[in-house]
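S.K.: My structure is below; once you've seen it, I'll send some questions.
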Amino acid sequence: MIKVDNISKVYGEDAASFQALHEVSFELTKGANLAILGKSGSGKSTLMHALAGLDRPTSGSVSINGKDLWSRKQKEIDVYRNQMVGFVFQDFYLQNEETVLENVMVPLEIRGVGDRKQKAYAALERLEIKDKADNLTRHLSGGEKQRVCLARAIIGQPEILFADEPTGNLDSKTSEKVEALLFKLNKELGTTLVVVTHNEDLARRFANKIVLKDGQIISHEGKELTI
Amino acid sequence: MRTRDLVRRGMRNLRRNKSRTVLTVLALSIGAFTLVLTLGLSNALKSSVNSQLSLATNNELTVTLAAENKAQTGVAEYNPKATAVTSTQIRGEGATIQLLTKEQVDAFAKISGVQRVWPNYNISAKYLQLEGNAKKYVVDNIDVQSYSDQSKNMLAGTYPSNWSATEIVLSQSYTDTLGVPASDLVGKTVIVGYLDAKAKSVEQKFTIAGVLKKPTGFRGDQPATAGLITISIDAAAKIYDTQFNGTRDFNQYAYTTVLLQSPNDESSVRDAITALNKNYSVSSLSDIISRIKTVLNSVTYALAGFSGIALLAAAFGIINTQLMSVFERTKEIGLLKALGMPNSKIRNLFSVEAILIGLLGASIGIILAFAVEIFVNTTFRQKLIDIGFGSHAILISLPNVLIVAAGLGLLSFIAGVFPARKAQKLDPIQALREE
């Protein structure tokens, strides 16, 4: 379960400061899916980064399965990012000079897992891109890159999958495929899915939604979501 | 992340920027090459000096008496009663000394720890003649017996361990000139002719105990040692008596040799000699070795210092290379951090890359130095042996290699600290957003 309690985030100091989040609170049931919506600058990505252990909130707390995230030591936060969560980025962030297989194995490489090829192949198979395993990622199409990114996100079997505008750089046909894969993972593996998007069509498919404006929740819906 | 994966990732990153890595490695390898070669040259020199000096005994002291007026400027007044003052060469060094008297020399023999004392007899011979052979040959120099092991220097026969007054050892030149095999000369009788104090010719018979190989090294290029004979101290004393008794210079010696019972007695005997007269100057082989080694070490350190400067310059190359790498790979660092790679591992990754550059540079430098070593030693082997240097001009040792490799690894690690810290401090979100 994800519990967000009154988190705020302020960038900068004094006159130059900017408040990206303003006392945001909610609870999301384990295994649920959530879309965080809002316009550019509304605080969607900041909220996701605070949940994912990437950006420390200025105040408030984030609890994952009842354990406070940001009071943990940095090493524990690193372990959380490596083992509890998976990331899908709009810009993929793949190593272009490395093969698909090498890119997918990175989380397990960081974890120190020796035998990781089998798991990487299994993840690629699940995302129907196993045949590209030995290709350099720079030779892949946008849709293929996003599937590699997804394979990298799920290889460590995370409890929560975060995706930041996962279809932002894809055409509509490829977007549909990626969306279908995200929901398939959410349903089949029971992975909690948190997606940041301003794509209304994508948002409609989510059972739970939060709409942010100026760093505050202005509307929400969903049975597994408590504000 | 496992160390193996860290190294593999580091190597992959270095391969990604081949030209930059190659240039940095090349700069380091030049420094490593120079350093290893310098150490190898120094080793060969030291080894050569050691092998040359190992033939000499290390329990002999040479005693001279410093001239009383040595600090005076100008010329001293002549005193017919005073012991002669002369300039001489002692162990290759010029010195102004006062001659030693027989009483002074005899006093040294009474010192505890002294086995034997014999002065520099300064004797000479005119010719050497093989008995039954009409031809006579010049004697260039007479050596007195040595107490060091000369067995390695023998061409034939033996170097007597317990010399009798009638034994003689000839140099190889005689067997070459006579055209008789060295082994055939052993046991034969030779006649040594010399002049007595009244310039009258005297002949003395000796039995050939052995033939010395042609001298190499320091003495190898001295033509005066071609006709060299070696006789016992007793025989030398007898010839001295015949040549100098009745002359003004009789029983006056430029220096004297003091043979110790054991090398451990050196310090006490030195003290006892200088206690007799503070003007006595005592030198030993260890003094010479120590002086030569000091000079060799100074040269080695100076050359190694220059190589060190080259390596220092190369270290800045590593800093530059790694800093550029951090800037270029900001997004990658952000991603690795986002995926849970701890800061310490990010730092280690860049340190590993720096160390790999260092070790690669060291390896290439060392391999090049070994190649030069093999080439020089093979090409010039015979020439080196001929001039008595030994069989190696360069002698690279395992400790040299290990020191250079470890030193370069450490230097590279230190050079990589700043870029590694820069990478470690990057914020994952900012790094991912970097354009």
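The values are calculated or read from the model by the stated rules, or taken from the named source; none is laboratory data. Worth saying up front: this structure is predicted, and the values here are computed from it rather than measured. For neighbour counting, all protein chains shown are included, and Cβ atoms are generated from backbone atoms with ideal geometry for every residue, glycine included.
S.K.: Filter region B:322-344 down to the residues that are more than 14 Å from chain A (Cβ to nearest Cβ) and either surrounded by fewer than 24 Cβ atoms within 10 Å (Cβ to Cβ) or closer than 19 Å to A:F162 by Cα (or both), then identify the one that is nearest to the chain's Cα centre (by Cα). So that I can check it myself, show each step before the final result.
M.R.: The first filter runs over region B:322-344 and keeps only residues more than 14 Å from chain A (Cβ to nearest Cβ), leaving B:322-324, B:326-327.
Checking which are either surrounded by fewer than 24 Cβ atoms within 10 Å (Cβ to Cβ) or closer than 19 Å to A:F162 by Cα (or both) leaves us with B:323-324, B:326-327.
Values: B:L323: 45, B:M324: 47, B:V326: 49, B:F327: 51 Å.
If we take residues in region B:322-344 being more than 14 Å from chain A (Cβ to nearest Cβ) and either surrounded by fewer than 24 Cβ atoms within 10 Å (Cβ to Cβ) or closer than 19 Å to A:F162 by Cα (or both), then B:L323 is nearest to the chain's Cα centre (by Cα).
S.K.: Oh, and also: Mind telling me which of the residues B:A302, B:A315 ends up being crowded, with 17+ Cβ neighbours inside 10 Å and among the aliphatic types (A, V, I, L, M)?
M.R.: Among B:A302, B:A315, only B:A315 is crowded, with 17+ Cβ neighbours inside 10 Å and among the aliphatic types (A, V, I, L, M).
S.K.: Could you tell me which residue of region A:85-112 is nearest to A:N33 (Cα to Cα), considering only residues that are more than 9 Å from chain B (Cβ to nearest Cβ) and of a type in the set (A, V, I, L, M, F, W, C)?
M.R.: Ranking the qualifying residues of region A:85-112, first place goes to A:V88.
S.K.: Another question, if that's okay. Name every residue in region A:180-227 that is buried (at least 21 other Cβ atoms within 10 Å of the Cβ) and either among the aromatic types (F, W, Y) or farther than 25 Å from A:G53 by Cβ (or both), in order of residue number.
M.R.: Result: A:F206, single match.
S.K.: Within region A:159-166, does at least one residue satisfy the condition of being crowded, with 22+ Cβ neighbours inside 10 Å, within 17 Å of the chain's Cα centre (by Cα), closer than 27 Å to A:L51 by Cα and within 12 Å of another protein chain (Cβ to nearest Cβ)?
M.R.: Among the residues of region A:159-166, at least one is crowded, with 22+ Cβ neighbours inside 10 Å, within 17 Å of the chain's Cα centre (by Cα), closer than 27 Å to A:L51 by Cα and within 12 Å of another protein chain (Cβ to nearest Cβ), which makes the answer yes.
S.K.: May I pose another question? Residues B:V63, B:V36, B:V22: which one is assigned to a strand (DSSP E or B) and modelled with pLDDT of 70 or more? Explain how you work it out, then say what you get.
M.R.: Details: B:V36 fails: assigned to a strand (DSSP E or B); B:V22 fails: assigned to a strand (DSSP E or B).
Only one candidate passes the filter, namely B:V63.
S.K.: Across region B:192-219, which residue is nearest to B:S146 (Cα to Cα) among those that are surrounded by fewer than 16 Cβ atoms within 10 Å (Cβ to Cβ) and out of contact with any Ser or Thr (no Cβ under 9 Å at 6 or more places or on another chain)?
M.R.: Once the filter is applied, the top-ranked residue is B:F218.
S.K.: Among residues belonging to region A:60-73 that are closer than 18 Å to A:T192 by Cα and buried (at least 16 other Cβ atoms within 10 Å of the Cβ), point out the one that is farthest from the other protein chains (Cβ to nearest Cβ). Lay out the reasoning, then the answer.
M.R.: Keep residues of region A:60-73 that are closer than 18 Å to A:T192 by Cα, which gives A:62-69.
Imposing the further condition that a residue be buried (at least 16 other Cβ atoms within 10 Å of the Cβ) reduces the set to A:62-64, A:69.
Numbers: A:V62: 16, A:S63: 19, A:I64: 14, A:L69: 13 Å.
So the residue we want is A:S63.
S.K.: Of the residues in region A:137-158, how many are more than 17 Å from A:E179 (Cα to Cα) and in contact with a strand residue (DSSP E or B) (Cβ under 6 Å, 6 or more places away or on another chain)?
M.R.: In the first step, residues of region A:137-158 are kept if they are more than 17 Å from A:E179 (Cα to Cα); the result is A:137-140, A:155-158.
Those left that are additionally in contact with a strand residue (DSSP E or B) (Cβ under 6 Å, 6 or more places away or on another chain): A:158.
Residues in region A:137-158 being more than 17 Å from A:E179 (Cα to Cα) and in contact with a strand residue (DSSP E or B) (Cβ under 6 Å, 6 or more places away or on another chain): 1 in total.
S.K.: Check off (1) surrounded by 20 or more Cβ atoms within 10 Å (Cβ to Cβ); (2) over 22 Å from B:I309 (Cβ atoms) for B:R12 and give me the number that stays unchecked.
M.R.: (1)
S.K.: Another question about this same structure. Here is a check on your reading of the model: is A:V104 in contact with a Phe, Trp or Tyr (Cβ under 7 Å, 6 or more places away or on another chain) and either assigned to a helix (DSSP H, G or I) or modelled with pLDDT of 95 or more (or both)? Spell out the reasoning first.
M.R.: Numbers: in contact with a Phe, Trp or Tyr (Cβ under 7 Å, 6 or more places away or on another chain): no; either assigned to a helix (DSSP H, G or I) or modelled with pLDDT of 95 or more (or both): yes.
No; evaluated as a whole, the condition is false for this residue.
S.K.: Still on this model: Which is part of a helix (DSSP H, G or I) and surrounded by 14 or more Cβ atoms within 10 Å (Cβ to Cβ), of B:I396, B:I414? Walk me through it before giving the result.
M.R.: On the way: B:I396 fails: part of a helix (DSSP H, G or I).
Among B:I396, B:I414, only B:I414 is part of a helix (DSSP H, G or I) and surrounded by 14 or more Cβ atoms within 10 Å (Cβ to Cβ).
S.K.: A further question follows. Considering only region A:184-205, state which residues are within 16 Å of A:F89 (Cα to Cα) and more than 13 Å from the chain's Cα centre (by Cα). First the steps, then the outcome.
M.R.: Keep residues of region A:184-205 that are within 16 Å of A:F89 (Cα to Cα), which gives A:193-199, A:202.
Listed by number, the residues that qualify are A:H198, A:N199, A:L202.
S.K.: Let me ask something else. Taking only region B:375-426 into account, find how many residues are within 13 Å of B:I355 (Cα to Cα) and basic (K, R).
M.R.: 0
S.K.: Looking at B:T294, B:T257, can you tell me which residue is touching a Ser or Thr at 6+ places or on another chain (Cβ under 7 Å) and either at pLDDT 90 or above or not in a loop (DSSP other than H, G, I, E, B) (or both)? Steps first, please.
M.R.: Working: B:T294 fails: touching a Ser or Thr at 6+ places or on another chain (Cβ under 7 Å).
Going through B:T294, B:T257 in turn, just one is touching a Ser or Thr at 6+ places or on another chain (Cβ under 7 Å) and either at pLDDT 90 or above or not in a loop (DSSP other than H, G, I, E, B) (or both): B:T257.
S.K.: Something else now. Take A:E76 and decide whether it is more than 7 Å from every other protein chain (Cβ to nearest Cβ) and touching a Ser or Thr at 6+ places or on another chain (Cβ under 9 Å).
M.R.: Details: more than 7 Å from every other protein chain (Cβ to nearest Cβ): yes; touching a Ser or Thr at 6+ places or on another chain (Cβ under 9 Å): no.
Judged against the criteria, A:E76 is not a match.
S.K.: Out of the strands (runs of 3 or more DSSP E) lying entirely within region B:135-183, which hold 3 or more residues that are over 22 Å from B:N120 (Cβ atoms) and in the same structural domain as B:I239 (by TED's automatic domain parsing)?
M.R.: Values: elements: B:136-138, B:141-144, B:154-157, B:167-171.
Ranges flagged: B:154-157.
S.K.: Could you go through region A:24-44 and let me know if any residue there is in a helix (DSSP H, G or I) and touching a Leu at 6+ places or on another chain (Cβ under 6 Å). I'd like the intermediate steps shown before the answer.
M.R.: Our first condition is that a residue be in a helix (DSSP H, G or I); within region A:24-44, this holds for A:44.
From the residues that got through so far, the ones that are touching a Leu at 6+ places or on another chain (Cβ under 6 Å) too are A:44.
Yes: one or more hits.
S.K.: Which one of the conditions (1) surrounded by fewer than 19 Cβ atoms within 10 Å (Cβ to Cβ); (2) of a type in the set (G, A, S); (3) not in a helix (DSSP H, G or I) does B:A406 fail to meet, given that it meets all the rest?
M.R.: Failed condition: (3).
S.K.: Moving on to the next point. Kindly list the number of the only condition in (1) in a helix (DSSP H, G or I); (2) of a type in the set (D, E); (3) under 20 Å from A:V195 (Cα atoms) that fails for A:E109.
M.R.: Unmet condition: (3).
S.K.: From the list B:A354, B:A371, which residue is among the small types (G, A, S), within 16 Å of B:Q424 (Cβ to Cβ) and either away from chain A (no Cβ under 14 Å) or buried (at least 22 other Cβ atoms within 10 Å of the Cβ) (or both)? Quick ask: steps written out before the conclusion?
M.R.: On the way: B:A371 fails: within 16 Å of B:Q424 (Cβ to Cβ).
Just a single option satisfies the conditions, and that option is B:A354.
S.K.: Please go through region B:184-201 and give me each residue that is in contact with a helix residue (DSSP H, G or I) (Cβ under 8 Å, 6 or more places away or on another chain) and in a strand (DSSP E or B), ordered by number.
M.R.: B:Y194, B:L195
S.K.: Out of (1) surrounded by fewer than 17 Cβ atoms within 10 Å (Cβ to Cβ); (2) closer than 30 Å to B:P342 by Cβ, what's the single condition that is false for B:Q382?
M.R.: (2) is the only condition that B:Q382 fails.
S.K.: Of the residues B:L395, B:L408, which single one is farther than 23 Å from B:A315 by Cβ, touching a residue at least 12 places away in the same chain (Cβ under 8 Å) and touching a helix residue (DSSP H, G or I) at 6+ places or on another chain (Cβ under 6 Å)? So that I can check it myself, show each step before the final result.
M.R.: Values: B:L408 fails: farther than 23 Å from B:A315 by Cβ.
Within the list B:L395, B:L408, the selection yields B:L395.
S.K.: Restricting to region A:113-140, count the residues that are at the interface with chain B (Cβ under 10 Å from one of its Cβ atoms), surrounded by 14 or more Cβ atoms within 10 Å (Cβ to Cβ) and not hydrophobic (A, V, I, L, M, F, W, C). Let's see the steps before the verdict.
M.R.: Initially, region A:113-140 is screened for residues at the interface with chain B (Cβ under 10 Å from one of its Cβ atoms), giving A:113-114, A:116.
With surrounded by 14 or more Cβ atoms within 10 Å (Cβ to Cβ) added as a condition, the list becomes A:113, A:116.
Now drop any that are not not hydrophobic (A, V, I, L, M, F, W, C), which leaves A:116.
Total meeting the criteria: 1.
S.K.: Do we find that A:A35 is among the small types (G, A, S), more than 14 Å from chain B (Cβ to nearest Cβ) and free of Cβ contacts under 8 Å to residues at least 60 places away in the same chain in this structure? Even if it seems obvious, please write down each step before you answer.
M.R.: Details: among the small types (G, A, S): yes; more than 14 Å from chain B (Cβ to nearest Cβ): yes; free of Cβ contacts under 8 Å to residues at least 60 places away in the same chain: no.
So A:A35 fails the test.
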